[in-house]
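The values are calculated or read from the model by the stated rules, or taken from the named source; none is laboratory data. Just so it is clear, the model here is predicted, and its values are computed rather than measured. All Cβ positions, even for glycine, are placed from backbone atoms using ideal geometry, and neighbour counts span all protein chains on display. Each accessible area value is taken on the protein alone, full model and side chains, heavy atoms only, with ligands, DNA and RNA left out. Shrake-Rupley method; radii C 1.70, N 1.55, O 1.52, S 1.80 Å.
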Amino acid sequence: MAGDLREMVEQLKAVSHPLRLRVLALLGVGELCVCQVAEVLQMPQSSVSEALRELRRAGFVSERKEGRWVFVSVVTEGEASLLLKGLLAETEGLDETREDRDRALSVLALPISQVCARIQKAGEQTHG
């Protein structure tokens with residue numbers, strides 16, 4: 001449960017953007033590397049990282065590092081707010097998030113190193 005009104009407002013702001021809501025819904029299926037999220041959503045890694053920053057600030061997402069990769073996931077069940085649980089349940093039936101989950105299956109079949117290399121190369125092409 002949210003601690004106060006201000007905290008709830010910040011959480012609502014965090015999910016008031018389509019990309020952030022898609023990221024949250026995608027992470028509802030399990031932990032992913034940031035590059036996998038970018039690949040599934042077909043978005044620049046910088047945009048995904050910014051979305052994740054807002055979701056972490058709102059208390060919806062946690063991260064862990066493993067070598068050079070950063071893995072993100074929805075906070076554990078005990079830490080999850082009723083708002084988060086409701087959002088995840090509501091996004092399950094959306095066409096966009098269903099398509100994202102379907103695309104995630106093919107991305108998860110690839111080695112993380114391959115996905116991250118592809119995302120990094122795409123980022124270099126857009127920046128110069």
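Roughly how big is the chain's charge dipole about its Cα centre, with Cβ charges of +1 (Lys, Arg) and -1 (Asp, Glu), in debye to the nearest 20?
Details: 16 positive and 19 negative charges, 78 e Å.
The dipole of the chain has a size of about 380 debye.
Given A122, L19, L32, which one lies farthest toward the positive end of the charge dipole of the chain, if we put +1 on the Cβ of every Lys and Arg and -1 on the Cβ of every Asp and Glu?
Result: A122.
As a test of the formula, what do you get for the chain when each DSSP H run with n ≥ 4 contributes -39,500 (n - 2.57) and the sum is divided by the residue count, at 222 nm and rounded to the nearest 500 deg cm²/dmol? Walk me through the numbers before you get to the answer.
Numbers: 7 runs with 81 residues, N = 128.
Value at 222 nm, helices only, nearest 500: -19500 deg cm²/dmol.
Using a 1.4 Å probe, what is the accessible area per residue for the chain, in Å²?
Details: 7630 Å² over 128 residues.
With all protein chains present, the chain gives 60 Å² per residue.
From the square roots a ≥ b ≥ c of the eigenvalues of the alpha-carbon gyration tensor of the chain, which class results: rounded (a/c under 1.5), prolate (a/b over b/c), or oblate?
Numbers: a/c = 1.83, a/b = 1.65, b/c = 1.11.
Taking the square roots of the gyration eigenvalues as a ≥ b ≥ c, the chain is prolate.
Percent of accessible area on segment 13-54 owned by carbon and sulfur, 1.4 Å probe? Can you show the working numbers first?
Working: 820 of 1640 Å².
The C+S portion of the solvent-accessible surface of segment 13-54 is 50 percent.
Using DSSP to call loops (not H, G, I, E or B), can you name the chymotrypsin sites (Phe, Trp or Tyr not before Pro) in segment 1-107 whose Cβ has at most 16 other Cβ atoms within 10 angstrom?
Numbers: sites: F60, W69, F71; in loops: F60.
When the chymotrypsin sites (Phe, Trp or Tyr not before Pro) of segment 1-107 are filtered for loop state and at most 16 Cβ neighbours within 10 Å, nothing remains.
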